[in-house]
Amino acid sequence: MKVNAQSVNFVADQKLLGFVQERMDKLDLFYDKVISSDVYLKVENTSAKENKIVEIKVHVPRDRFIVKKQCKSFEEAVDSACSSLERKLVKRKEKMRAKA
């Protein structure tokens, strides 16, 4: 799957980008018609520990899913967002199957 990762207000290292790509590739197991996805990694300037924000947009035929999560680390946020996307994609797949 094509993943466009963008880091806002900081420079993401290759290890983090590799983790994002690897985790996003697992979404193909749940729904194989994913066209592309955009991942935005942001750091919020607050004193709170949970200042890492991950926003993921997944494009599928005739639709798109957007999930936004805020956690202590980017890895945790990406995992959480991908879990939500997995549920959404499975629901979409079942809905498409019911129509056919």
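The values are calculated or read from the model by the stated rules, or taken from the named source; none is laboratory data. Values in this document were obtained by computation on a predicted structure and should not be read as measured data. Here the Cβ positions follow ideal geometry from the backbone for every residue, glycine too, while neighbour counts run over all protein chains shown. Just so you know, the surface numbers come from the protein's heavy atoms only, side chains and all, with ligands and any DNA or RNA stripped out. Shrake-Rupley method; radii C 1.70, N 1.55, O 1.52, S 1.80 Å.
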Assess whether Lys26 counts as being assigned to a helix (DSSP H, G or I), free of Cβ contacts under 8 Å to residues at least 12 places away in the same chain and either exposed (fewer than 12 other Cβ atoms within 10 Å of the Cβ) or under 15 Å from the mean Cα position of the chain (by Cα) (or both).
no
List every residue pair whose Cβ atoms sit under 9 Å apart, with the two residues 6 or more apart in sequence or on different chains, where the first one lies in region 71-100 and is touching a residue at least 40 places away in the same chain (Cβ under 8 Å) and at positive phi and the second, anywhere, is outside any helix (DSSP H, G or I) and open to solvent by 50 Å² or more (accessible area, probe 1.4 Å).
none
Which condition breaks for Asp32 when tested against (1) part of a helix (DSSP H, G or I); (2) exposed (fewer than 13 other Cβ atoms within 10 Å of the Cβ); (3) acidic (Asp, Glu)?
(1)
Considering region 1-20 alone, what residues qualify as being in a helix (DSSP H, G or I), open to solvent by less than 60 Å² (accessible area, probe 1.4 Å) and out of contact with any helix residue (DSSP H, G or I) (no Cβ under 7 Å at 6 or more places or on another chain)?
Leu17, Gly18
For region 48-57, does any single residue satisfy the condition of being of a type outside the set (S, T, N, Q), within 23 Å of Lys95 (Cα to Cα) and either in a strand (DSSP E or B) or in contact with a His (Cβ under 7 Å, 6 or more places away or on another chain) (or both)?
yes
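Can you confirm whether region 68-83 contains a residue that is open to solvent by 50 Å² or more (accessible area, probe 1.4 Å), among the polar types (S, T, N, Q) and within 11 Å of the chain's Cα centre (by Cα)? Lay out the reasoning, then the answer.
First, pick out the residues of region 68-83 that are open to solvent by 50 Å² or more (accessible area, probe 1.4 Å): 68-70, 72, 75-76, 79.
So of that shortlist, the ones also among the polar types (S, T, N, Q) come out as 70.
Going one step further and asking which of them are within 11 Å of the chain's Cα centre (by Cα), we end up with none.
Scanning region 68-83, I find no residue that is open to solvent by 50 Å² or more (accessible area, probe 1.4 Å), among the polar types (S, T, N, Q) and within 11 Å of the chain's Cα centre (by Cα), so the answer is no.
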So Ala98 clears everything in (1) surrounded by 13 or more Cβ atoms within 10 Å (Cβ to Cβ); (2) hydrophobic (A, V, I, L, M, F, W, C); (3) over 14 Å from Arg23 (Cβ atoms) except one condition, right? Which one?
(1)
For residues that are under 16 Å from Met96 (Cα atoms) and either touching a Pro at 6+ places or on another chain (Cβ under 9 Å) or open to solvent by 20 Å² or more (accessible area, probe 1.4 Å) (or both), tally how many sit in region 36-63.
4
